[in-house]
């Protein structure tokens with residue numbers, strides 16, 4: 001039986017595929033090469049990759065559009081590839097649900113290291129023990145399943161959104177600075193800034209009810225965020 005994880009790479013540059021294929025194979029990953037956004041969405045319906053590496057600038061559907069489509073139905077980890085200096089693309093990618101981004105030109109070793117770091121955190125979190133599921137009335141947060149439910153319905157969430165919510169709900173009343181959340185959730189040297197945390201918090205709030213609950217995700221101005229229960 002083949003236990004290798006599969007990484008889907010979507011980029012219109014064949015050189016990117018060739019350089020990453022060597023390093024991914026050496027690290028024990030399978031590899032799917034896709035060269036445009038439409039084909040990436042079709043492939044995701046057929047296969048079940050562990051992670052998607054998605055270039056923003058592509059013919060047809062660009063990476064941001066593909067990311068948005070994926071997030072309608074899936075919480076699969078997504079790493080975006082962006083052009084140097086295109087800060088607006090990086091911010092939009094994170095707002096649409098990407099878990100991380102890498103700026104071109106990049107080292108293939110860096111990409112593989114990021115992939116391994118994201119996958120390691122997913123696996124480690126899914127293997128946590130007794131406290132893997134938290135319940136607050138109608139809200140259920142399962143780090144083992146990487147799933148958030150409200151009133152029995154699954155809320156489509158990215159891995160980072162689940163990890164942030166689980167971290168804060170596991171520490172009721174504790175104030176986390178943006179830097180602490182970056183360190184605890186991303187778990188490796190992140191080259192972005194603290195606005196990444198604000199983007200993810202905003203997305204979490206948009207998906208969950210803000211009234212009529214006994215819990216709340218609060219902003220502590222000038223410091224960070226906390227999860228409170230009445």
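Taking only Cα atoms and a 10 Å spring cutoff, compute GNM fluctuations for the chain and point out the largest among 95, 27, 45.
Highest fluctuation among the options: 45.
Considering only 33, 47, 177, give the residue with the highest GNM mean-square fluctuation for the chain, with springs between Cα atoms whenever their separation is below 10 Å.
The residue with the greatest mean-square fluctuation here is 47.
Against the longest principal axis of the chain, how steep is helix 159-169, in degrees 0 to 90 to the nearest 10, with axes from Cα atoms?
20 degrees
Would you kindly state how much longer the chain becomes between residue 74 and residue 154 on full extension, computed as 0.36 nm times their sequence separation minus their alpha carbon distance, in nm to one decimal? Intermediate results must be reported in sequence, preceding the final value.
Details: separation 80, 0.36 × 80 = 28.80 nm, distance 1.11 nm.
Extra length available between residue 74 and residue 154 comes to 27.7 nm.
So between residue 18 and residue 57, what do we pick up on full extension, going 0.36 nm a residue minus the alpha carbon distance?
Value of the extension gain: 12.2 nm.
For the pair residue 194/residue 220, report the inter-label distance in nm, with labels modelled 7 Å from Cα in the Cβ direction.
So the two model labels end up 1.3 nm from each other.
Quote the relative contact order of the range 6-125 in percent (integer), defining contacts as alpha-carbon pairs under 8 Å separated by 6+ residues.
24 percent
So what is the relative contact order for the chain, in percent, with contacts set as C-alpha pairs under 8 Å and at least six apart?
Details: 365 pairs, mean separation 32.4, N = 230.
With pairs under 8 Å counted, the relative contact order is 14 percent.
Treating the angle as unsigned and between 0 and 90°, give the value, to the nearest 10°, between the Cα long axis of helix 14-26 and the longest Cα principal axis of the chain.
Between the helix axis and the principal axis of the chain, the angle is about 70 degrees.
Given springs between every Cα pair under 10 Å in a Gaussian network model of the chain, which of 108, 209, 77 has the largest fluctuation?
Residue with maximal mean-square fluctuation among 108, 209, 77: 209.
Starting from the exponent 0.38 and prefactor 2.2 Å, build the expected Rg for the chain from its residue count and divide its actual Cα Rg by it.
After normalising by residue count via 2.2 N^0.38 Å, the value is 1.02.
In terms of the Cα gyration tensor, with a ≥ b ≥ c the square roots of its eigenvalues, is the range 1-56 rounded because a/c is under 1.5, prolate because a/b exceeds b/c, or oblate?
Oblate shape, in that a/c is at least 1.5 and b/c is the bigger or equal ratio.
On full extension of the chain, what length is gained from residue 171 through residue 45, given 0.36 nm per residue of separation minus the C-alpha to C-alpha distance?
41.6 nm
I need the Debye-formula profile for the range 128-229: one equal scatterer per C-alpha, no solvent, reported as log10 I(q)/I(0) at q = 0.14, 0.17, 0.18, 0.19 1/Å, two decimals.
-0.50, -0.75, -0.84, -0.94
Can you give the % of DSSP beta bridges in the chain that are antiparallel, to the nearest 5?
50 percent
Mind giving me the nanometre distance, one decimal, between the label points for residue 184 and residue 4, set 7 Å out from Cα along Cα→Cβ?
Calculated label separation equals 3.7 nm.
Just from its helices, what would the mean residue ellipticity at 222 nm be for the chain, if runs of 4 or more DSSP H residues each count -39500 (n - 2.57) and the sum is divided by every residue, rounded to the nearest 500 deg cm²/dmol?
-11500 deg cm²/dmol
Once the Cα atoms of helix 195-207 and of the chain are each reduced to a long axis, what angle between those two axes, in degrees from 0 to 90 to the nearest 10, is obtained?
So the inclination is approximately 70 degrees.
Please work out the FRET efficiency for the pair residue 211 and residue 120, using the Cβ-Cβ distance as r and a Förster radius of 45 Å; give the result to the nearest 0.05.
0.75
Read-outs: derived from the displayed coordinates by stated rules, not from any lab. Remember, it's a predicted structure, so these values are computed and weren't measured experimentally. Neighbour counts are summed over all protein chains in view; Cβ atoms, including those assigned to glycine, are modelled from backbone coordinates with ideal geometry.
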